[in-house]
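I have a structure I would like to understand better, so I am pasting it below and will then ask my questions one at a time.
Since every read-out is calculated from the coordinates, none of them should be taken as a lab result. Please read all numbers here as calculations on a predicted model, not as lab measurements. No Cβ is skipped: glycine too gets one built from the backbone with ideal geometry, and neighbour counts run over all protein chains shown.
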Amino acid sequence: MSAKSQIFPEDFIIALRTLVNVHHSIYARVPPQGIYFEALVEEAFKRVKKPFTTITAGAKNQPVHDLLVENHRISLKTETGLGTDSRFINITKLCTTEREPWNPEVLLQRVADHLDRYDSILMLRAIWDLPLLHYQLLEIPTDILKLINTADLKPVGYRKGRQSLGADVHAGGQRAFHVHFDGSDGKCQIRGFSVDLCGKLLEWDLQIRE
């Protein structure tokens, strides 16, 4: 256990680790993602919270929180591909900003509005080192993500038509991450967000059976 969190207490973290391990008893080589991870987190909260605690899932395919626990809005993310780096986080879709106009001021405001819908972001990451999977359970600080509004977006790439925009974002005088607005699909992506900036809730190894 690397950090304490009032939102994600120790008993919740232990319950979630147990459920992730149970998931692998069924899907041996497939880390939980998407709705499967959301279901595990919801179940972990239900196991450790008092009876009648309000725990509700967010609306599917809507730009809102994934889980509401005692009026605390939680966004859930996973990064589990073979190229996952133990040091740096990539979020392939922080949100979608595909509507026009496609200019820095509008895009940054849409991301700021999106982040205001969450109180916490919980991320499960899997680093492949077969026969082991190294799991990281992290709380991503929304206050650092909100520094996106300071980004000096510039055109990047050579795509014809609507061009992608990107910029490094700094915190405390150091590069914290890179933000990228993809001109093809309108997604806001986060690249190279340092794991050291996050709340490290738990790390553990799981041996993958053949």
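Around Leu165, under 14 Å between beta carbons, what's the net of Lys plus Arg minus Asp minus Glu among the other residues?
-1
Using the number of other C-beta atoms within 10 angstrom as an exposure proxy, rank Thr56, Thr97 with the fewest first.
So the ranking, lowest neighbour count to highest, is Thr56, Thr97.
Further question: Starting from the Cα-Cα distance between Lys154 and Glu203, subtract it from 0.36 nm times their residue separation and give me the gain in nm to one decimal.
Result for the pair: 14.0 nm of gain on full extension.
Hey, fewest Cβ within 10 Å first, where do Glu105, Glu42 land in order?
Glu105, Glu42
Hey, another quick one. Enter the Cα centre distance for the pair the range 189-208 and the range 6-34, rounded to the nearest angstrom.
Here the two parts' Cα centres lie 14 Å apart.
I want the local charge near Pro104. Using Cβ-Cβ distances under 9 Å, sum +1 for each Lys or Arg and -1 for each Asp or Glu among the other residues.
Taking every other residue near Pro104 into account, the sum is -1.
For the range 10-207, what is the relative contact order in percent, using Cα pairs closer than 8 Å and at least 6 residues apart in sequence?
Computed over the range 10-207, the figure is 20 percent.
Positive end of the dipole of the chain, charges at C-beta (+1 Lys, Arg; -1 Asp, Glu), about the Cα centre: which of Thr78, Tyr27, Trp102 has its Cα farthest in that direction?
Ranked along the dipole, the leading option is Trp102.
Given labels modelled 7 Å from the Cα in the Cβ direction, how far is it in nm from His170 to Asp196?
Between His170 and Asp196, the simple spin-label model gives 1.7 nm.
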